[in-house]
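The structure under discussion appears below in the form of structure tokens.
No lab work stands behind these numbers, since they all come straight from the coordinates. Here the structure is a predicted model, which means the values were calculated and not measured. Ideal geometry is used to build each Cβ from the backbone, glycine not excepted, and the neighbour counts take in all protein chains shown.
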Amino acid sequence: MNYFAHPTAVIDEGCTIGKGTQIWCFTHLRTGCIIGEDCILGQNVFIDSGVVIGNRIKVQNNVSVYAGVICEDEVFLGPSVVFTNVINPRSAINRKHEIRETVIRRGATVGANATVICGNEIGAYAFVGAGAVVTKPVPPYALIAGNPARQTGWMSEEGHKLHFDKTGLAVCSGSGQKYRLSDGLVRRVE
């Protein structure tokens, strides 16, 4: 075993777990999930069958990640984040064939107690504020908050708010990296 699992963690047969990953107490991984390298899965996390968790991802306590979710590398999921996977669930009706894929792109952050409605993509390095309810796709680098979530600004790859000048240029206060806002989209300037 090239990963750590707390004795209370439940890891069903058939999970793929990358080296250096830490799985903490009362976490449950279902058969067929894929967990990348150097991840941290906090206390009381649930990862469903078919979920893909990339490398270097942090999943904080009490997060439920249901079938249909794909998280690319370096995603942060804050405490008590919830993902849905069917738009109109009913207890008496099996709708597993209606699961909608949700993709969280590289480096994105989903804040504490946020809910992500299925079928939406959260763009690379986007930042979903605590308690937000994501009901539509989120562009890369966007800062969103509220219920329903609305865009309130832009974030750098380091997680600092970007302030664009009249020419559409911003500089990250943490890294000094430059970003360009053009046609409603942000791109890092190489």
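Peptides 148-158, 119-129, 6-16 ordered by packing proxy, namely the average of other Cβ atoms within 10 Å per residue, highest first: 119-129, 148-158, 6-16.
Between THR8 and THR152, the modelled label-to-label distance comes to 3.4 nm, taking each label 7 Å out from Cα in the direction of the beta carbon. The length gained on full extension between ARG187 and ALA130, counted as 0.36 nm times the residue separation minus their Cα-Cα distance, comes to 18.1 nm.
Here the gap between LYS96 and PHE164, fully extended at 0.36 nm per residue and compared with their Cα-Cα distance, gives a gain of 20.1 nm. When each of the peptides 36-42, 108-114 is scored by how many other beta carbons lie within 10 Å of its residues on average, the order from highest to lowest is 108-114, 36-42. With R₀ set to 25 Å, the beta-carbon distance separating CYS25 from ARG180 gives a calculated FRET efficiency near 0.05. Here the alpha carbons of the chain define both size measures, Rg and Dmax, at 17.3, 56 Å.
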